[in-house]
Amino acid sequence: MHALRKLQQDFLGYLLDDTVVGIVERIESTPRRSAEQRMAFYGNAYKLRLKEALTTDYECLHGYLGDDLFETLMEKYIESYPSHHPSLRYFGQHIAKLVEQQEPFRQLPEVAEIARIELAFGNSFDAADCQCASLEQLAQLDPEAWATLTLRFHGAVQLLPQQYNSFQIWRALSNEEAPPQKTEDETTWLIWRQDLVSQYRALEQAESVALTIALSAGSFADICTALLEYFSEQETPQQAVGYLQRWINDQMVSELNQDQEKKAADCGSF
Amino acid sequence: MRRPFLGFGLGLRTEHYSYILEHKPAVDWFEILSENYMVPGGKPLDYLDKIRNDYPMVMHGVSLSIGSTDALNSDYLKNLKKLMRRVQPQWISDHLCWTGLNNTNSHDLLPLPYNEDTITHVVDRVVQVQDYLGQRILLENLSSYVTYKNSEMTEWDFVNEIARRADCHILLDINNIFVSAHNHQFDPESYLAGIDSDRVMQFHLAGHSYNGEMIIDTHDHDVCDPVWALYATALKRFGAVSTMIERDDDIPEFPQLRQELSIAEDIAVRTLQADALVLSDISPQQTHTELNYARTA
C-alpha cells in the first residue's frame with residue numbers, strides 16, 4: 001500500500017506539473033517509445049480533457065476572449081484549481097474568481113460577469129426539481145398570514161447583479177452574432193427554470209430589491225417596507241402581490257411559508 | 001454459471017435523447033454513464049426516467065477510483081446508490097484503475113501496477129463497495145499506455161485474481177484489449193484465453209485512433225475489422241455475453257450507430273448457436289436477481 005501510494009503520488013504529481021518527473025523511473029521503456037514519451041501521453045490527455053470541459057461550459061467566454069486568451073485562461077485555471085469533484089460537470093465553477101484575481105483578465109471586468117452568466121445557466125440546467133407553489137395556494141392564505149409570509153424558491157433561481165452590458169454580450173455570442181462594445185449598464189438579471197427550460201430577464205430595480213429580500217427569507221411585510229422607496233403607500237401592497245404572483249406563475253416559488261408561531265397557535269386552537 | 005444475457009445495447013448519449021423517445025428504436029438495453037446523472041435534477045434526470053420506462057439499463061461509472069490509495073469517497077458512493085435506486089439497473093460497473101489522489105481527480109482512467117500488493121488493496125475496496133451497494137459490481141479492463149517496472153504478472157492474471165478474491169464480475173472491453181495488446185506488445189488472444197469465463201458479464205466494443213506508434217482509445221470511430229475479429233474470438237471463448245458499443249466523440253446519428261450494433265448481432269449469430277442468443281427474462285423495471293449480493297464471509 002505504501003509503495004502504491006508513493007507511485008500514485010508521483011504519477012499525479014507529474015500530471016499536475018510535468019517538471020515533477022519522479023514517476024518516469026518507474027515506467028518501462030520500450031524500443032518504440034521511452035518512458036518519458038509514454039508518460040507525456042497521460043500529461044497531455046489530462047490537460048486536454050480539462051480544457052474540453054471548460055470549452056464546453058464556457059462557450060461564450062471562449063468566443064469573447066478568442067482562442068489565444070481563452071487558452072491562457074484555461075492554462076492558468078488548470079494550474080490554480082485542480083479538480084476536487086468526481087464529475088467534470090463541476091470543474092469550471094471557480095473560473096470567475098480566477099478572472100477577477102489574475103492579469104490580464106482583471107482589467108476586463110465584463111469577463112467575470114460573462115463567466116458568471118454561463119455558470120448560472122449551468123447551475124439552473126440541473127438544479128434540483130421541486131413541487132412549485134400555486135396561485136390557488138396563495139389565494140387560500142389566511143389574510144392574517146400575509147404579513148409574515150416568507151417564500152422558498154426553486155434552486156434554479158439566481159440573481160446576477162451586473163455593472164456592464166454583459167448579458168447583451170452573452171446573448172449575441174450565444175446567437176453566434178458579433179457582440180456589442182462593452183458599456184456600463186447597472187442591471188440585475190434573473191435566471192430561473194420553467195418546465196425544465198432555463199429562462200432569463202432583466203429586473204426593474206424595485207423587483208430586484210423585492211426578490212433579493214424574498215430570497216433571503218425576508219417576509220412579505222419586509223418586502224412592502226422596502227418597496228415604499230419606489231411606490232406610494234397605496235400602490236405598494238398591490239405591486240408586491242403582483243411580483244409574488246408572477247414569481248409563482250413562472251414556477252420560481254416552491255413553498256409559501258406562513259409564520260411558524262402563527263401556525264403553531266392555529267394548531268393549538270383546535 | 002448461467003449468465004444473464006441482455007442482448008445488444010448502446011451507450012445512452014444526450015445527442016440521441018429525442019430520437020429515442022420519438023422512435024423507440026429496437027435496442028435491447030442502454031448503458032448510462034453514472035456521473036452524468038449524479039446531478040440534483042433538471043433535464044438529465046427527466047430524460048433518464050422517460051427512457052428508463054422503455055428500456056433496461058446498466059450503469060457504468062468512471063470515478064469510483066477503486067485502485068486509489070485515498071479512502072473510498074463516501075459521498076460518491078452515496079450518490080451512486082441513490083442513482084441505483086432510481087434507475088434499478090441490471091448491474092453497475094466501473095474500471096479497474098485509479099483516477100485521483102489527495103482528493104484531486106485526474107478525470108482519467110490510470111493504470112495500476114499488476115502485483116500482489118495492488119490485488120490485496122483493490123480486493124478489500126471492492127468488497128467494501130459491494131457490501132455498501134448490496135450487489136456485485138463489474139470491473140472493466142483498461143486501455144493503457146504505460147507499464148510499471150513493479151508489475152509482476154500479466155494483466156489478465158491481475159484481472160482474474162481480483163475478480164476471484166473480491167467475488168465481483170468482469171466487464172471485458174474488447175477494444176481495450178486490442179489497444180493495450182498493440183501498445184504493450186502482447187497477444188490479445190492470449191488475454192481472452194486467460195480470462196475466467198465465469199466472471200465475464202458484459203462486453204464493450206468501441207473505435208480507436210492510431211497516432212503512428214500507439215493506439216489511443218478515443219471512442220470516436222466505428223469499430224474496426226480487427227476488433228470485430230477479436231469480438232468473434234471472444235464469443236467463441238465465452239459464449240453469449242451482453243454486448244454494447246461505446247461512442248463518446250464524433251457521435252453519429254442514432255440509426256447509423258444502430259446499424260453498427262447490428263454488425264455485432266450478425267457476428268454473434270454467425271459465431272454462436274442461435275439458441276444461445278435468447279434474452280434472459282427481463283423487463284425494463286427488473287433488476288437481475290443473480291447479481292444480488294450477500295457476503296457470506
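So if I check each of A:106, A:152, which one is in contact with a Ser or Thr (Cβ under 6 Å, 6 or more places away or on another chain) and open to solvent by 50 Å² or more (accessible area, probe 1.4 Å)?
A:152
Need at least 2 residues that are in contact with a Phe, Trp or Tyr (Cβ under 8 Å, 6 or more places away or on another chain) and among the β-branched types (Val, Ile, Thr) per element, so show me which helices (runs of 4 or more DSSP H) inside segment B:127-217 make the cut, counting only ones lying wholly within it.
In segment B:127-217, B:174-184 are the helices (runs of 4 or more DSSP H) which contain 2 or more residues that are in contact with a Phe, Trp or Tyr (Cβ under 8 Å, 6 or more places away or on another chain) and among the β-branched types (Val, Ile, Thr).
Applying the selection to segment A:174-202, what residues are open to solvent by less than 70 Å² (accessible area, probe 1.4 Å) and in contact with an Asp or Glu (Cβ under 8 Å, 6 or more places away or on another chain)?
A:174, A:192, A:194, A:196, A:199, listed by residue number.
Quick one: how many residues across segment B:101-114 are within 7 Å of chain A (Cβ to nearest Cβ) and either under 14 Å from residue A:4 (Cβ atoms) or touching a Ser or Thr at 6+ places or on another chain (Cβ under 7 Å) (or both)?
Counting residues in segment B:101-114 that are within 7 Å of chain A (Cβ to nearest Cβ) and either under 14 Å from residue A:4 (Cβ atoms) or touching a Ser or Thr at 6+ places or on another chain (Cβ under 7 Å) (or both) gives 8.
Which one of the conditions (1) away from chain B (no Cβ under 14 Å); (2) surrounded by fewer than 19 Cβ atoms within 10 Å (Cβ to Cβ); (3) not polar (S, T, N, Q) does residue A:115 fail to meet, given that it meets all the rest?
(2)
Residue by residue through segment B:14-44, note down the ones that are open to solvent by 50 Å² or more (accessible area, probe 1.4 Å) and within 14 Å of another protein chain (Cβ to nearest Cβ).
Selection gives B:14, B:15, B:18, B:36, B:40, B:43.
Can you tell me which residue in segment B:262-297 is least open to solvent (accessible area, probe 1.4 Å), limited to those that are at pLDDT below 80 and of a type in the set (Asp, Glu)?
Step by step, filter segment B:262-297, then rank; the result is B:290.
Residue B:255 fails exactly one of the following numbered conditions: (1) of a type outside the set (Lys, Arg); (2) in a loop (DSSP other than H, G, I, E, B); (3) loosely packed, with under 13 Cβ neighbours inside 10 Å; (4) in contact (Cβ under 8 Å) with a residue 12 or more places away in the chain. What is the number of that condition?
(2)
Which of the residues that make up segment A:24-42 are more than 14 Å from residue B:213 (Cβ to Cβ) and facing chain B (nearest Cβ under 7 Å)?
A:26, A:27, A:28, A:39, A:42
Take the residues in segment B:45-76 that are out of contact with any Leu (no Cβ under 7 Å at 6 or more places or on another chain), free of Cβ contacts under 8 Å to residues at least 12 places away in the same chain and facing chain A (nearest Cβ under 10 Å), then tell me which one is nearest to residue A:124 (Cα to Cα).
Among those that are out of contact with any Leu (no Cβ under 7 Å at 6 or more places or on another chain), free of Cβ contacts under 8 Å to residues at least 12 places away in the same chain and facing chain A (nearest Cβ under 10 Å), it is B:75.
Table: residues versus (1) crowded, with 16+ Cβ neighbours inside 10 Å; (2) within 12 Å of chain B (Cβ to nearest Cβ); (3) out of contact with any Phe, Trp or Tyr (no Cβ under 6 Å at 6 or more places or on another chain); (4) at pLDDT 95 or above.
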residue: A:11; (1), (2), (3), (4): yes, yes, yes, yes
residue: A:18; (1), (2), (3), (4): yes, no, yes, no
residue: A:56; (1), (2), (3), (4): no, yes, yes, yes
residue: A:63; (1), (2), (3), (4): yes, no, yes, yes
residue: A:66; (1), (2), (3), (4): no, no, yes, yes
residue: A:73; (1), (2), (3), (4): yes, no, yes, yes
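So for segment B:77-89 (the condition being open to solvent by 10 Å² or more (accessible area, probe 1.4 Å), facing another protein chain (nearest Cβ under 9 Å) and in contact with a Phe, Trp or Tyr (Cβ under 8 Å, 6 or more places away or on another chain)), does at least one residue qualify?
no
So how many residues does segment B:36-77 have that are more than 27 Å from residue A:132 (Cβ to Cβ) and in a helix (DSSP H, G or I)?
Residues flagged as more than 27 Å from residue A:132 (Cβ to Cβ) and in a helix (DSSP H, G or I) within segment B:36-77 amount to 4.
Can you pull out every residue in segment A:120-141 that is touching a residue at least 60 places away in the same chain (Cβ under 8 Å) and open to solvent by 30 Å² or more (accessible area, probe 1.4 Å)?
Selection gives A:121, A:125, A:130, A:131, A:132, A:134, A:135, A:137.
Residues to consider are B:187, B:117; find the one that is free of Cβ contacts under 8 Å to residues at least 12 places away in the same chain, within 14 Å of chain A (Cβ to nearest Cβ) and of a type in the set (D, E, K, R).
Going through B:187, B:117 in turn, just one is free of Cβ contacts under 8 Å to residues at least 12 places away in the same chain, within 14 Å of chain A (Cβ to nearest Cβ) and of a type in the set (D, E, K, R): B:117.
Does residue B:213 satisfy being without any contact (Cβ under 8 Å) to a residue 40 or more places away in the chain, open to solvent by 30 Å² or more (accessible area, probe 1.4 Å) and out of contact with any Leu (no Cβ under 6 Å at 6 or more places or on another chain)? Walk me through it before giving the result.
Numbers: without any contact (Cβ under 8 Å) to a residue 40 or more places away in the chain: yes; open to solvent by 30 Å² or more (accessible area, probe 1.4 Å): yes; out of contact with any Leu (no Cβ under 6 Å at 6 or more places or on another chain): yes.
It is true that residue B:213 is without any contact (Cβ under 8 Å) to a residue 40 or more places away in the chain, open to solvent by 30 Å² or more (accessible area, probe 1.4 Å) and out of contact with any Leu (no Cβ under 6 Å at 6 or more places or on another chain).
Would you check which residues across segment A:15-53 are in a helix (DSSP H, G or I) and among the aliphatic types (A, V, I, L, M) and list them?
Within segment A:15-53, A:15, A:16, A:23, A:24, A:35, A:39, A:40, A:45, A:48, A:50, A:53 meet the criteria.
Six or more apart or on different chains, Cβ under 6 Å: which pairs go from a residue in segment A:150-168 that's within 15 Å of residue A:111 (Cβ to Cβ) to one that's polar (S, T, N, Q)? Could you list them?
A:162/A:187; A:165/A:183
The values are calculated or read from the model by the stated rules, or taken from the named source; none is laboratory data. Everything numeric in this text was worked out from a predicted model, so none of it was measured. FYI the Cβ positions are ideal-geometry reconstructions off the backbone, even for glycines, and counts take in every protein chain you see. Accessible surface is based on the protein model in full, side chains and every heavy atom, while ligands, DNA and RNA are left aside. Shrake-Rupley method; radii C 1.70, N 1.55, O 1.52, S 1.80 Å.
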